[in-house]
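Beneath this line is the structure, given in structure tokens, with notes to follow.
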């Protein structure tokens, strides 16, 4: 049984590929050379001030947009208004699934204040966020697929007039069978919600196998098999989506919108309106929160754009709160089965994971979401053999998509709760069980994810120590408990949504004799502080204060493309691009100043708004004067920087989801009070440690962690995007159970526990100054930590999320002291793609005759696919 | 809809305004659409989130649930009036900007005004009192803790200011 006896321990340790840290002499030049002029990270991770000190990185500082936000001057999309502006409202389907037979708009069009009525007939071309599922129409043409699916739009002089005219539109529907959940979807081949899925109402089913699972389970002393369920929930950004479209003075279509992804909205407009992309400008206004909910192109964005094109007048549409709930694109409800083999000492021998996703009515990010439910299990603990099968079904509900932690949150819940069960059964401390098999740094996982720096051990040790875990876990009085869980998340996706060789992020700098710097980038500020990250990079490299920097972001006209604020990519990717741009500006200034001061260039330091001789600090120029010298020397000053992630060693089909330049890690201990009579849960303390690589601005970093903990607690305790059938005497329609902020429960000030945050800073050369993501990772351990703390408090296992008092009560009342979902249903899985793990000599390719997209991309770039065979190093 | 408009005289941020508005116009609509004071936000228009809170005669009120006609003869304060006619910010604004009280900023106006009413009526509120006072305001970004830090900081600044005023004990 034991492979340790014969000395052949399988797992990531067998593969070791030392990577060169960015701090090494070449500053990442080798990596850049391999990738041409586009940066792939690996700059010097040290400070750019004299002696390698930091100018602004790591210092607590007011964010660059802080004053505007505290004075009400930030202009969100709905704050914009234009002369002659018209308003738009969408008429939405009252049926979850129906054929649209006829839409009669004649009466509405005659309303005196109505300027235009649009229907599906005006929009022949589909759109969607992923090229593989362009399955949305701005207004439904033949079929409505969920309650709230828009069928017509009214553009009028006021919102009141829109509402009045909408009541005059007559829509004839032929109601179809409603498919309300994945089990029904699997059992119902007809009617199909879409015809682009794999079969019936299955959108996507995937099966991947890394190594011989039978062998893995044969090596185990014990096999654990558990079912878990994670209910869907929604982002609930406080700002309701809003879009204003207008033609500018040159007739260019301009859309101002609450969007996290202006670049993809630009693409959607180009496609769905059949326009030249050069005639479109998209401006992402600062978002009043996004969390993934503003990452898709939305119906109203396309509709107002079309209306503005037709009418030549500005048109605005702002969704009401109920509509925001019906737009959704939030957390998928996911059922899971984890089969895990372990040895007596807790060593994992194999994991076999199945997931079943309720995708809702459209593709959205669903293909990626499906792969994400199986992608990141391997990056925390060594799993020598791993199998993943995932299936996403279409149902007649608002489409699910990416929410903070995109697709990785649900299986992380299952994995971390199961590890707690395993530890308990084997009599091992849950912290030790994890610590003894943390993935080593600079290694490849079974599914060919490249782990570089990993601070997970430090994270676990930090929360264990600070919470008093060793003395208190399992020893607290009845009704009080501690739970531990860990997680990991991407610092940006390794591949773009559109597979191409273009940079993922670009930054442009303009400097002039005024002594200020304008930094522009397509990245969208959604509250996370990306504008501040951009300024911070420039300040650090040029040694100037933030008051000298203006940032222009989210505007497809005024800045280079950045793919958007999703997958925790902006700090790393925009940050690296910004460093490249700023280094180039610094070089230009240094060249000119060196000549002027007759000092060698490499002796010049940039700090405190000055450029000076580091060996004779009195000799130097104020930054503004240095700019004048540089402008005189070079002419007009401007630089650019770009970033593209290094290629991934995964070559198999499906290997495009999961790779990241580097992963962040989190560990959490939660202390909980549970009432054994009622199941009431109260979280008192959260200790969380996050492996962030480098803290760029501690105020903002802390805010991301606490915000993630808060949102995780909402998901863990109360948040649910759930649906109910209206009674038969009405329409039987499937409607949102509580589409309002009052009834969709979220934590308030009064539910927020104490949060004790620790940052683990081990700079990773892939990130700007070593930084990794912080926006999403810290949410992930919260839900499993709560479940594990409930077990410690009252001895019941909650295998589903959210863990409302009713759910906990059910567990307390049950014979087996457990509450969980029904058994995982039978899914007709496709034949697995078999991939040999790296430690068994695998080269990252799957056993399949079809070329994976990565191989296609390689061919396009003229790049060989020998990367892995020759050692797998991209650095 | 077709009812004749009302002509209202409103005192907003210490200035008198005359507006012509439908009788059912809410204070939120009048502020944002007629007076172009878009610093006041809306998250639900149903009185559930607190984003639209403004001060009416010094007390926080949800402008989405208040008819403009009810505010005649009363004094309305919005985020735009918090700093007065000064480029120097109110201590609450300073603290929110500096201490992470604001991320996306959409709830910030409502929070600052609600907090302002609290600190004007209570010199030394405890953290629990602050949390209680703000518990009707939803924030999706911060997790609330940095908001509490910001209000506590502002309370301290205001306290120090009072002590340094001439005539203070």
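Radius of gyration (Cα atoms) of the stretch A:672-791, expressed as a multiple of 2.2 N^0.38 Å: 1.37. Counted over all Cα-Cα pairs of the stretch A:337-476, pairs farther apart than 27 Å make up 29 percent.
What percent do you get for the relative contact order of chain A when only Cα pairs under 8 Å and 6+ apart count?
It comes to 17 percent, rounded to a whole number.
Taking a ≥ b ≥ c as the square roots of the Cα gyration tensor eigenvalues, the stretch A:349-428 comes out prolate, since a/c reaches at least 1.5 and a/b is larger than b/c. Shown for A:127, A:665, A:87: other C-beta atoms within 10 Å of each C-beta, ranked fewest to most, produce the order A:87, A:127, A:665. As a length-normalised measure over Cα pairs under 8 Å and 6 or more apart, the relative contact order of the stretch A:117-206 settles at 18 percent. Both radii come from the Cα set of the stretch A:395-528: Rg as radius of gyration, Rh as Kirkwood radius; their ratio Rg/Rh reads 1.11.
The distance linking the stretch A:146-167 with the stretch A:663-693 is 45 Å (Cα centroid to Cα centroid, whole angstrom). The order of B:88, A:136, going from fewest to most other C-beta atoms within 10 Å of their C-beta, is B:88, A:136. Summarised in one figure, the compactness ratio Rg/Rh of the stretch A:79-197, Cα atoms and Kirkwood Rh, is 1.04. Spin-label model, residue A:750 to residue A:121: label points 7 Å out along the Cα-to-beta-carbon direction sit 5.4 nm apart. For the pair residue A:602 and residue A:54 in one chain, pulling the backbone fully straight at 0.36 nm per residue adds 195.5 nm over the alpha carbon distance. Sorted ascending by nearby beta carbons within 10 Å, beginning with the fewest, A:92, A:472, A:845 become A:472, A:92, A:845. Cα axis of helix B:108-121 to longest principal axis of chain B: angle in degrees, 0 to 90, nearest 10? Its long axis makes an angle of about 70 degrees. Bridges between two residues of chain A, per DSSP, are antiparallel at a rate of about 75%.
Restricting to Cα atoms and excluding each atom paired with itself, what does the Kirkwood estimate give for chain B in Å?
It is 16.6 Å.
In the stretch A:305-424, the DSSP beta bridges split such that about 55 percent are antiparallel, to the nearest 5. Projecting label points 7 angstrom from Cα along Cα→Cβ for residue A:102 and residue A:806 puts them 4.3 nm apart.
Taking the convex hull of the alpha carbon positions in the stretch A:451-506 and averaging its projected area over all directions gives 6.9 nm². Projected onto its three principal axes, the C-alpha set of the stretch B:121-165 covers 38, 17, 12 Å, listed from the longest axis down. Taken over the Cα atoms of the stretch A:463-571, the convex hull encloses 181 Å³ per residue. Model label sites at residue A:160 and residue A:737, defined 7 Å from Cα along the beta-carbon direction, differ in position by 3.8 nm.
Give me the base-10 log of I(q)/I(0) for the stretch B:37-120 at each q in 0.24, 0.26 Å⁻¹, Debye formula, one uniform scatterer per Cα, rounded to two decimals. After summing over all Cα pairs, the log10 values are -1.25, -1.41. At each listed q (0.10 Å⁻¹), what is the log10 of I(q)/I(0) that the Debye formula gives for the protein assembly as shown modelled as equal alpha-carbon point scatterers? Debye output, listed in q order: -1.30.
Just how many % of Cα pairs in the stretch A:179-224 lie over 12 Å apart, if you round to the nearest whole percent?
69
Give me the extension gain from residue B:7 to residue B:70: residue separation times 0.36 nm, minus the current Cα-Cα distance, reported in nm with one decimal.
Between residue B:7 and residue B:70, full extension yields 21.4 nm more.
Each principal axis of the Cα cloud of the stretch B:71-169 was evaluated for its coordinate range; sorted largest first, these ranges are 43, 35, 26 Å. With angles folded into 0 to 90 degrees, how steeply does helix B:145-164 sit against the dominant principal axis of chain B? Use alpha carbons for both and round to 10. Between helix and principal axis, roughly 70 degrees. Short-range pairs are left out: with C-alpha atoms under 8 Å and at least six residues apart, the relative contact order of chain B is 21 percent.
Convex hull volume per residue, computed on the Cα atoms of the stretch A:191-335, equals 190 Å³. Centre-to-centre, using Cα atoms only, the stretch A:284-316 and the stretch A:130-145 are separated by 17 Å. Report the far tail of the P(r) of the stretch A:613-709, meaning the percent of Cα-Cα pairs longer than 23 Å. Value for the stretch A:613-709: 67 percent of Cα pairs lie more than 23 Å apart.
Divide by every residue of the protein assembly as shown the summed helix terms, -39500 (n - 2.57) for each DSSP H run of at least 4, and state the resulting mean residue ellipticity at 222 nm, rounded to the nearest 500 deg cm²/dmol. Walk me through the numbers on the way to the answer.
Working: 25 runs with 272 residues, N = 1044.
Rounded to the nearest 500, it is -8000 deg cm²/dmol.
Semi-axes of the equivalent ellipsoid for the stretch A:268-321, please: Cα gyration tensor eigenvalues, times 5, square-rooted, ordered largest first, whole Å.
That gives 21, 14, 10 Å for the three semi-axes.
Between residue A:633 and residue A:37, the FRET efficiency estimated from the beta carbon spacing at R0 = 25 angstrom works out to 0.65.
None of the figures in this text is laboratory data; all of them are computed from the coordinates on show. Computed from a predicted structure; not experimentally measured. Methodologically, a virtual Cβ is constructed for each residue, glycine included, from the backbone with ideal geometry; neighbour enumeration extends over all protein chains shown.
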